[in-house]
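Following: one structure in structure tokens, then a few remarks.
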Amino acid sequence: MHRLALLMTALLLTLSIHAMQSPHGKDFKLKCSDCHTTERWNDVKPENFNHNKTKFPLIGQHKMVSCRQCHPTLVFSDAPSECSECHTDIHQQTVGTDCGRCHTPESWLVKRSKVKDIHHQSGFPLVGAHADADCQRCHVSGSRQQYEVINTECYSCHRDKYEATTTPNHRTAGFGTDCNRCHNMVGRTWNGSGQGFEHGFFPLKGGHQLECIKCHASGAYFGLSKECVSCHLANYNATTNPNHASSGFSKECQSCHSINSWKGANFDHDSKYFPIYSGSHKGQWNACTDCHTNPANNSVFTCLNCHAHNKTSMDSKHRGIGGYAYNSANCMSCHPRGKAD
């Protein structure tokens, strides 16, 4: 009888132990002795538990928080891991729920570098004058810690400057409101080093690096001719060395001149007229006037200044050749490339 009583007691004890559940949840794996002492259950040994091995390491200000603040039920698997689950969103969902984009566990204070990173990711990098701008100048609700997504078009913030500009008057000139076409966000000012107009249809290089008004003197900024002579006809008519107009020079300035300077022209005399930079005439002249004796008309030339042959001798050598005459025009007609044959 005594033995049966012992067996029943042992069975009841076993059943009662199995019926008891851990206060930390049914799937809790650690042994009680890992954290508790045999003297008192409340005497927890935190040094025996490494929170950094969990999915939520304790860094920054989280090291100072008592366990019960995050684990009020002692079921550790129920503890929240997202910032927004513990911290009130003072931004009213205007910047999303990922607090880590701006804040760190060390402090709620936001570093300027974090703000720049966020703007860069959002497609509006804080460069140039925007790098030092007061956040609340654009985010007017920033005083309430709310940062709604705002219009990133330049005109939405700089409309007053567009309307007030007079050199040139953007409105009357028909300029669009896409400020990026002319101005560069990297710059600190609207002009000078900040200028960034893409003038690709007529590259502003060499001597064309001028103030806009130099070419757009009439106030017209669209539909202007790209032909050199449309701007440089006066230069064409005034050039006397040689005289372009009387010599019948082409008005395609780029055939001789570069965009860097009027000087240093590279006239293609050899292929268009007569070889003087190659062949037997190379190095045999010093100036254009050696052959072109009339500076006012370069179509007039002479061969006889250099080739002062005896007329009698030349007449004898050309006897029997039809059309022969002792003059420069006839010389050219028979020797167009300057060769004796």
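The values are calculated or read from the model by the stated rules, or taken from the named source; none is laboratory data. Remember, it's a predicted structure, so these values are computed and weren't measured experimentally. For neighbour counting, all protein chains shown are included, and Cβ atoms are generated from backbone atoms with ideal geometry for every residue, glycine included.
Output the number of residues of the range 246-257 satisfying the condition of being surrounded by 15 or more Cβ atoms within 10 Å (Cβ to Cβ) and either over 44 Å from the mean Cα position of the chain (by Cα) or within 18 Å of residue 287 (Cβ to Cβ) (or both).
Here the count works out to 4.
Output the residues belonging to the range 263-305 that are loosely packed, with under 12 Cβ neighbours inside 10 Å, at negative phi and not hydroxyl-bearing (Ser, Thr, Tyr).
Within the range 263-305, 263, 266, 268, 272, 284, 286, 287 qualify.
Would you check if residue 316 is in a helix (DSSP H, G or I) and exposed (fewer than 10 other Cβ atoms within 10 Å of the Cβ)?
Values: in a helix (DSSP H, G or I): yes; exposed (fewer than 10 other Cβ atoms within 10 Å of the Cβ): yes.
Yes, satisfied.
Run down 237, 260 and say which single residue is free of Cβ contacts under 8 Å to residues at least 24 places away in the same chain, over 22 Å from the mean Cα position of the chain (by Cα) and exposed (fewer than 14 other Cβ atoms within 10 Å of the Cβ). Talk me through it step by step, then tell me what you get.
Details: 260 fails: free of Cβ contacts under 8 Å to residues at least 24 places away in the same chain.
The unique qualifying residue is 237.
Identify, from the list 152, 167, the residue that is within 30 Å of residue 214 (Cα to Cα), loosely packed, with under 15 Cβ neighbours inside 10 Å and not assigned by TED's automatic domain parsing to the domain that holds residue 64.
Sole residue among the options that is within 30 Å of residue 214 (Cα to Cα), loosely packed, with under 15 Cβ neighbours inside 10 Å and not assigned by TED's automatic domain parsing to the domain that holds residue 64: 167.
Could you say which residue among 107, 77, 81, 122 is hydroxyl-bearing (Ser, Thr, Tyr) and under 30 Å from the mean Cα position of the chain (by Cα)?
Details: 107 fails: under 30 Å from the mean Cα position of the chain (by Cα); 77 fails: under 30 Å from the mean Cα position of the chain (by Cα); 81 fails: under 30 Å from the mean Cα position of the chain (by Cα).
Criteria check complete, one pass: 122.
Take residues that are within 30 Å of residue 175 (Cβ to Cβ) and of a type in the set (S, T, N, Q) and tell me which of the helices (runs of 4 or more DSSP H) falling wholly in the range 194-312 contain 2 or more.
Values: elements: 212-215, 229-238, 269-272.
Helices (runs of 4 or more DSSP H) meeting the threshold: 229-238.
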